[in-house]
Amino acid sequence: MDTIVSCTNVHKSFLMGREAVQALRGVTLEVTRGEIVCLMGPSGSGKTTLLNIIGGLEEPSRGHVLVDGENVVALPEDALSEMRLTKMGFVFQSYNLLANFTARENVEVPMALAGLSRRERQDKVERLLESVGLADRARHYPSELSGGQQQRVAIARALANDPPILIGDEITGDLDSETGFEVMEVVAKLNREQGTTVVYVTHDPRMAKFAGRTIQLRDGCIVEENAAL
Ligand SMILES: Nc1ncnc2c1ncn2[C@@H]1O[C@H](COP(=O)(O)OP(=O)(O)O)[C@@H](O)[C@H]1O
Ligand SMILES: [Mg+2]
């Protein structure tokens, strides 16, 4: 099996004043390339912390994390930035688009950071906006787009540098269920067509149906794993 994400006995504690909050208490998890994995669990159970550790945004207090063959914990900061730029696509609940940039420009930003020429960026942006169904919205500003459209731009932006992994934290949380469904259908299509591995968090069992596997967290531990719902 081709493992793309491997977490072994991952712990994370945050210091709050003098008290340590245990956000993760020994999580072990393997994700196979091409899989869609959904994380569920009550608020405060450690879902965001686990995503952030997989994405190299946060360091575990203890444990091992391998992402696409790289030991995330041991990477120096510049290699970690490079990894976040090229191996990970992040999508959040609030779309986090740059308000003064058009849809096209938002998708271009990570490409420019990765050093792509204007020409390369243009071809790619078009393809990406097309793949999320927004080819005709390239010149719109975020304020001129609906929530679902903004989130699809955010997905296109996350995929700007063809990352093997897409990470989503409650990406449908601000959308009505029909729009949320459409956004998840876009994610599932990208997984099918490009083989992008997806790890996402949701509260909504209907959104969990897009996953091949659902993992339940409670108090920083994995308590249950199910194959597709
Ligand atoms: N930066 C932080 N500083 C202190 N505590 C944090 C921080 N981030 C998360 N926590 C705590 O860690 C626990 C897990 O949080 P989180 O991963 O955000 O849970 P979830 O995403 O499942 O709601 C919570 O108790 C939360 O308060
Ligand atoms: Mg969270």
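The values are calculated or read from the model by the stated rules, or taken from the named source; none is laboratory data. Just so you know, these numbers come straight off a predicted model, no measurement behind them. Cβ: placed from backbone, ideal geometry, glycine included. Neighbour counts: every protein chain shown.
Restricting to region 26-52, name every residue that is more than 10 Å from ligand 2 (Cβ to nearest atom) and in a strand (DSSP E or B).
Hits for region 26-52 are GLY26, VAL27, THR28, LEU29, GLU30, VAL31, THR32, ILE36, VAL37, CYS38, MET40.
Quick check on region 77-88. Is at least one of its residues within 16 Å of ligand 2 (Cβ to nearest atom) and without any contact (Cβ under 8 Å) to a residue 12 or more places away in the chain?
So in region 77-88, the residues within 16 Å of ligand 2 (Cβ to nearest atom) come out as none.
Checked against the condition, which is being within 16 Å of ligand 2 (Cβ to nearest atom) and without any contact (Cβ under 8 Å) to a residue 12 or more places away in the chain, region 77-88 yields no hits at all.
Counting only residues that are at pLDDT below 95 and more than 16 Å from ligand 2 (Cβ to nearest atom), which one in region 53-63 is surrounded by the most Cβ atoms within 10 Å (Cβ to Cβ)?
Taking region 53-63 first, the residues at pLDDT below 95 are 55-59.
Restricting the remaining residues to those that are more than 16 Å from ligand 2 (Cβ to nearest atom) gives 56, 59.
On the way: GLY56: 21, GLU59: 13.
The selected residue is GLY56.
Which condition number in (1) under 20 Å from the mean Cα position of the chain (by Cα); (2) over 17 Å from MET40 (Cα atoms); (3) among the aromatic types (Phe, Trp, Tyr) is the one that TYR141 fails?
Condition (1) is where TYR141 drops out.
Could you tell me whether LEU129 is closer than 18 Å to PRO110 by Cβ and either modelled with pLDDT of 95 or more or surrounded by 22 or more Cβ atoms within 10 Å (Cβ to Cβ) (or both)?
So LEU129 fits the description; yes.
Among GLY34, GLY46, GLY89, GLY115, which is the only one that is within 16 Å of ligand 1 (Cβ to nearest atom) and not acidic (Asp, Glu)?
On inspection, the qualifying residue turns out to be GLY46.
I'd like to check something: does region 33-49 contain any residue that is in contact with a Ser or Thr (Cβ under 8 Å, 6 or more places away or on another chain) and either farther than 22 Å from LEU166 by Cβ or basic (Lys, Arg) (or both)?
Yes, there is a match, as at least one residue in region 33-49 is in contact with a Ser or Thr (Cβ under 8 Å, 6 or more places away or on another chain) and either farther than 22 Å from LEU166 by Cβ or basic (Lys, Arg) (or both).
Could you look through region 53-66, keep only residues that are in a strand (DSSP E or B) and within 16 Å of LYS87 (Cβ to Cβ), and pick out the one that is nearest to ligand 1 (Cβ to nearest atom)?
Here the answer is VAL65.
Would you point out the residue of region 189-207, among those that are over 19 Å from GLU30 (Cβ atoms) and surrounded by 19 or more Cβ atoms within 10 Å (Cβ to Cβ), that is farthest from ligand 1 (Cβ to nearest atom)?
Once the filter is applied, the top-ranked residue is LEU190.
Report every pair of residues separated by at least 6 positions or lying on different chains whose Cβ atoms are under 8 Å apart, first residue within region 5-21 and closer than 16 Å to GLY44 by Cα, second of a type in the set (Asp, Glu).
Cβ pairs passing all conditions: LYS12/GLU58.
Test of understanding: among ASN100, ASN71, ASN106, which residue is surrounded by fewer than 19 Cβ atoms within 10 Å (Cβ to Cβ) and in contact (Cβ under 8 Å) with a residue 24 or more places away in the chain?
Of ASN100, ASN71, ASN106, the one residue that is surrounded by fewer than 19 Cβ atoms within 10 Å (Cβ to Cβ) and in contact (Cβ under 8 Å) with a residue 24 or more places away in the chain is ASN100.
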